[in-house]
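The values are calculated or read from the model by the stated rules, or taken from the named source; none is laboratory data. These numbers were taken from a predicted model, which means no experiment stands behind them. When we count neighbours, we look across all protein chains shown, and the Cβ atoms used for this are built from the backbone with ideal geometry, even at glycine.
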Amino acid sequence: MDFEQLLNSITPEIYANLKRGIELGKWPDGRLLTAKQRELCMEAVINYEQRFVAETDRVGYVDKGSKAEGELCDDKPAANQEQPLKWSE
């Protein structure tokens with residue numbers, strides 16, 4: 001079975017188990033994931049999400065709201081928001 005066939009055989013339940021394994025660093029039966037297993041699980045989850053999960057529901061999605069493309073999020077603090085201290089010597 002090649003990687004493409006493997007990706008096509010992932011069910012929502014398998015996807016959830018892979019995500020949980022990445023989050024916890026272990027399989028559902030308690031065995032620890034190796035670094036290589038974690039890497040492959042991440043690759044499978046990313047590919048699955050690109051194919052079957054809405055962009056707003058994907059891991060790492062940041063809602064930029066109504067900001068224009070290229071505009072920074074929270075680039076200007078609100079008037080009543082505390083400002084960080086600036087040290088000068």
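Can you find even one residue in segment 29-44 that is assigned to a loop (DSSP other than H, G, I, E, B) and either aromatic (Phe, Trp, Tyr) or under 13 Å from the mean Cα position of the chain (by Cα) (or both)?
no
What's the total number of residues in segment 1-17 that are part of a helix (DSSP H, G or I), at pLDDT 90 or above and surrounded by 11 or more Cβ atoms within 10 Å (Cβ to Cβ)?
Selection size over segment 1-17: 4.
Where residues in segment 18-52 are among the β-branched types (Val, Ile, Thr) and touching a helix residue (DSSP H, G or I) at 6+ places or on another chain (Cβ under 8 Å), which of them is surrounded by the fewest Cβ atoms within 10 Å (Cβ to Cβ)?
Residue satisfying both the conditions and the ranking: ILE22.
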